[in-house]
Structure formats: C-alpha cells, structure tokens
1. Rounded to the nearest 10 Å², what accessible area does Lys81 show when all protein chains are kept and the probe is 1.4 Å?
2. Can you list which of the chymotrypsin sites (Phe, Trp or Tyr not before Pro) found in the stretch 23-89 are DSSP loop residues with at most 15 other C-beta atoms within 10 Å?
Amino acid sequence: MEGMERPTIPSGLGQKVTTEDVEKVHILIEHCIELGKDCPETCYCLSFMGVDPKVTEIVWKRLESENADFFREYEEHLRLKEEKEQQEKEAAANNAFMSRCDSACSLSSVACTQVDNNAVGNWHSPCF
C-alpha cells in the first residue's frame, strides 16, 4: 500500500459516504485480501488509515455477496492456513520438548549406566 494516498472516509456518523469513498475502500480491501487478512483484520488495519470499520465491513459484505464463490474459497484458504500454522507451532513446541528430553537423557546416561552396571536387575534406561 506504499505510495497510496491516505483516504479520508467519513466516519459514518451522519456524514455521507460517496461512491468514490466506497471505491477507495474496495481497493484497500483487495490489498488486505492479497495479504491474507480476514474481515475483522481488514477493518482493524483500515481503521489506522482513517476508514471507519463500519464502512469497511459494509463494503466487505457487499463484495462477499457479489463474489460468493471467491469468498467461500478464500475463507477455506484462510482456515487451512491457520490450521497449518497451528500444526507448525505444535510441531515446533514438540521438537523443543524432545530436544530438552534428549539433553536430559544425555546428562543422565552416566547415572543410568551406573545403575545398570550395579546389577539392579535387567533395568534399562528409557534414555537409550
């Protein structure tokens, strides 16, 4: 959105929103969609550009109704993306945990071996 002039969209508090205003918001929404944002994220982002979230939501809903198939696929894409990101976070946390376990087992392997060498039955450390 670099280089775009900052829109001045009325707040909706009794002020009229022109066709030009709606077109500006439409373009900004398209940019947010390109960035993978959903409606609430888009409303939030555009509010920093002076666009009333109510106006953004109205334009988003209009676009949604005019392009139902696109938005259905887009919402599915966002859902799958979120699911993948969640799985990646869980995998990273699991890997970090396993790494800590491996480190702990390495540190305790001497103790585990000593217990085994002291003939305390056929016990073997789960660390090996």
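1. Accessible area of Lys81: about 80 Å².
2. Phe48
The values are calculated or read from the model by the stated rules, or taken from the named source; none is laboratory data. Here the structure is a predicted model, which means the values were calculated and not measured. Don't worry about glycine lacking a Cβ; one is built from the backbone with ideal geometry, like all the others, and counts go over all protein chains shown. Ligands, DNA and RNA are excluded from the accessible area calculation, which covers all protein heavy atoms including side chains. Shrake-Rupley method; radii C 1.70, N 1.55, O 1.52, S 1.80 Å.
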